[in-house]
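The values are calculated or read from the model by the stated rules, or taken from the named source; none is laboratory data. Since the model is a prediction, treat every value here as computed from it, not as a measurement. Here the Cβ is made from the backbone with ideal geometry for all residues, glycine too, and neighbour counts use every protein chain on show. Only protein heavy atoms, including side chains, enter the accessible area calculation; ligands, DNA and RNA are left aside. Shrake-Rupley method; radii C 1.70, N 1.55, O 1.52, S 1.80 Å.
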Amino acid sequence: MKPLYKRILLIALVLFLVGAGVAWYIFTETFTDTAERKPEYTVEAMDFIKEFEKNDSLANKKYTEKIIAVNGTVSEIEAADTTANIKFVDTLSGSYIIFAFQQQHLAEAKLLKVGDKVSIKGSCSGGTYSEILGTEFISFKRAAINK
């Protein structure tokens, strides 16, 4: 019985160490600054919105989790002390793109004004159609001004 007990204990210890290693990797994962990354696609905001409105499943497969540079005109700014969200809105359909800025790029984002033409790049989180609002919204994380 003792060799079996030792074996089970050893296997449990190994599994615990592997699990702890995986958890540590996931919790400490860092991303390269978006400003330093080259975009996989460069698109115009209204064309990008139309592509998602036409077929969001196909567009999600193409763009989700990729760095995309989007050129457009700032429609709305939602700024707070620690965050800033910039929106490009299609006034005909009400659909929009929203960018959440990285902490180190908040100052640049807060300098933008409604009506400014700008290029923003970020990691596309994908688009979703809202049945209630009847609009498509496309969200980005880790955004930065594209220079």
ask   = Taking segment 13-41 only, how many residues are in contact (Cβ under 8 Å) with a residue 60 or more places away in the chain and either open to solvent by 60 Å² or more (accessible area, probe 1.4 Å) or hydrophobic (A, V, I, L, M, F, W, C) (or both)?
value = 3
inquiry  = Within segment 119-135, does at least one residue satisfy the condition of being in contact (Cβ under 8 Å) with a residue 24 or more places away in the chain, open to solvent by 40 Å² or more (accessible area, probe 1.4 Å), touching a strand residue (DSSP E or B) at 6+ places or on another chain (Cβ under 7 Å) and under 18 Å from Glu44 (Cβ atoms)?
reply    = no
inquiry  = Out of the residues in segment 83-100 meeting the condition of being open to solvent by less than 20 Å² (accessible area, probe 1.4 Å) and under 14 Å from the mean Cα position of the chain (by Cα), tell me which one is farthest from Asp56 (Cα to Cα).
reply    = Ala84
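Let's see how each residue does on (1) among the hydrophobic types (A, V, I, L, M, F, W, C); (2) more than 30 Å from Ser93 (Cα to Cα):
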| site | (1), (2) |
| --- | --- |
| Val22 | yes, yes |
| Thr32 | no, yes |
| Arg37 | no, yes |
| Tyr41 | no, no |
| Ala45 | yes, no |
| Lys50 | no, no |
| Glu53 | no, no |
task = Could you please give the count of residues in segment 110-132 that are farther than 16 Å from Asn60 by Cβ and either of a type in the set (Lys, Arg) or in contact with a Ser or Thr (Cβ under 9 Å, 6 or more places away or on another chain) (or both)?
result = 9
query = Any residue at all in segment 62-73 that is under 15 Å from Ser125 (Cα atoms), in a strand (DSSP E or B) and among the polar types (S, T, N, Q)?
reply = no
request  = Working carefully through the options Ala45, Ala59, Ala80, find the one that is aliphatic (A, V, I, L, M), farther than 19 Å from Thr128 by Cα and open to solvent by less than 60 Å² (accessible area, probe 1.4 Å).
outcome  = Ala80
task = Have a look at Asp81, Asp90 and point out the one that is touching a residue at least 24 places away in the same chain (Cβ under 8 Å) and either out of contact with any Ser or Thr (no Cβ under 8 Å at 6 or more places or on another chain) or at positive phi (or both).
result = Asp90
query = Does Glu51 count as at negative phi, open to solvent by 20 Å² or more (accessible area, probe 1.4 Å), part of a helix (DSSP H, G or I) and not aliphatic (A, V, I, L, M)?
reply = yes
